[in-house]
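Single-structure report; data block below.
What follows draws every value from the coordinates through simple rules; no lab data is involved. What you see is a predicted model; the values in this text were computed from it and never measured. A quick note on method: Cβ atoms are made from the backbone with ideal geometry, for glycine too, and the neighbour counts reach across all protein chains shown.
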Amino acid sequence: MYPGFHAERTPHKAAVINARSGEALTYAELDARSNQLAQLLWEQGLRRGDHIAVFLENHLRYFEVAWAALRSGLYLTPVNRYLTGPEAGYIVDDCDAKVLVSSRAVHEAASMVPDIATSCERFLVVDGPPDGESERFEDYATAVEAHEARPLAEEPLGEFMLYSSGTTGRPKGIARPLTKKSVSSGISLNHFLTTFFKMGSDSVYLSPAPMYHSAPIGFCTGTQSLGGTVVMMERFDALEALRLLEAYHVTHSQWVPTMFTRMLKLSEADRSRFDLSHHRVAVHSAAPCPRELKA
């Protein structure tokens, strides 16, 4: 399954909610906008196995870009939004991205990318480029809205191409082979989510971490593939995370041990004042979790 399936059955259901602003992207909107971007990428000449990159803060547009790639048979490389221009440029160049989607918030670094990633053909900026930057950078919304919101004739399943942190040299891309499946069959993580964590269309998933990491983008798109709702934090705050678990009746969440530590450092009064009865599964990843944190 994928957003096109859920757009037909639950068009007004939230696919993702920005936890700070409350702004939501429904399945109908996610399906339409990812179709429009997929059409733009096809018109640009990208075909199955080609690459695009996304250099964004935690933003609702992240999911439009992800699903445009996943429904076009493309590789998508998320770039750490805290990288410098040369660091980001190296990754965009190394993954051979033909299109980069960045944002006004990261434009100081993104503005350096075209001179480094010289094979990248098009640069789209969420929330629009700053004044005077429109020659090389296009407003994302304007570019996407020029295309029809219809699926491509064929929708081969794409994949993420993630990069290592580069602790022993420059970051290295990890490209998994593409399957012969259609996006309508769902992403590869679905079996894992349904079997081990019992996730489904009734799941509400809290994502407190940056989308450029593998687990957040994987769990979020997996939740959407299943028809659940993602609650995305722009940045982690321990007390706010607990409030969101209650406010949105969150059923599933994913954390790193440092987040558990910060929540445990809250006062007992703060930790115990929220109703977490809807919460079923808290997943931890990225590093081993000390036994005392789980007790």
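Numerical summary
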quantity	calculated
Sequence-distant residues sharing a close amide H with Val230 (under 5 Å, placed H)	Val16, Ile17, Tyr205
Distant-in-sequence amide H partners of Gln254 (H built 1.01 Å from N, under 5 Å)	Leu206, Val283
Separation in nanometres of the label points that stand 7 Å from Cα toward Cβ, at Lys180 and Ser214	2.7
Cβ crowding within 10 Å averaged over residues, with 132-138, 240-246, 194-200 ranked highest first	240-246, 194-200, 132-138
Loop chymotrypsin sites (Phe, Trp or Tyr not before Pro), the stretch 30-106 (other Cβ atoms within 10 Å of the site Cβ: 12 or fewer; DSSP)	Tyr82
Relative contact order for the chain, counting Cα pairs under 8 Å that sit 6 or more residues apart, in percent	18
Pairwise label distance in nanometres, Asp127 with Ser164, each label 7 Å out on the Cα-Cβ vector	3.4
Efficiency of FRET from Cβ geometry, Phe192 and Arg271, R₀ 30 Å, rounded to 0.05	0.50
Ellipticity estimate at 222 nm from DSSP helix runs (n ≥ 4, -39,500 (n - 2.57)) divided over the chain, nearest 500	-9500 deg cm²/dmol
Rounded to 5, percent antiparallel among DSSP beta bridges of the stretch 82-181	30
Set of lysines near Lys198 by C-alpha distance (under 24 Å), chain-local residues within fewer than 8 positions excluded	Lys13, Lys181, Lys294
Hz values of 3J(HN,Hα) by residue in the stretch 200-212 - Karplus curve (6.51, -1.76, 1.60), Gly and Pro given as x	x, 5, 8, 6, 10, 10, 8, 10, x, 10, x, 5, 6
At 1.306 mPa s and 10 °C, Stokes diffusion of the stretch 61-128 via Kirkwood alpha-carbon radius, µm² per second	132
Antiparallel bridge percentage (DSSP; both residues within the chain; nearest 5)	20
Relative intensity, log₁₀ I(q)/I(0), of the chain from a Debye sum that treats every alpha carbon as a point, q = 0.13, 0.15, 0.16 Å⁻¹	-0.90, -1.18, -1.33
Dipole magnitude of the stretch 187-295, debye to nearest 20 (Cβ charges: Lys/Arg +1, Asp/Glu -1, about Cα centre)	260
Equivalent-ellipsoid semi-axes of the stretch 28-180, from the Cα gyration tensor, Å, largest first	22, 20, 12
About the Cα centre, charge dipole magnitude for the chain (Lys/Arg +1, Asp/Glu -1 at Cβ), debye	1280
Which of Ala32, His249, Met199, positive extreme of dipole for the chain (C-beta unit charges)	Met199
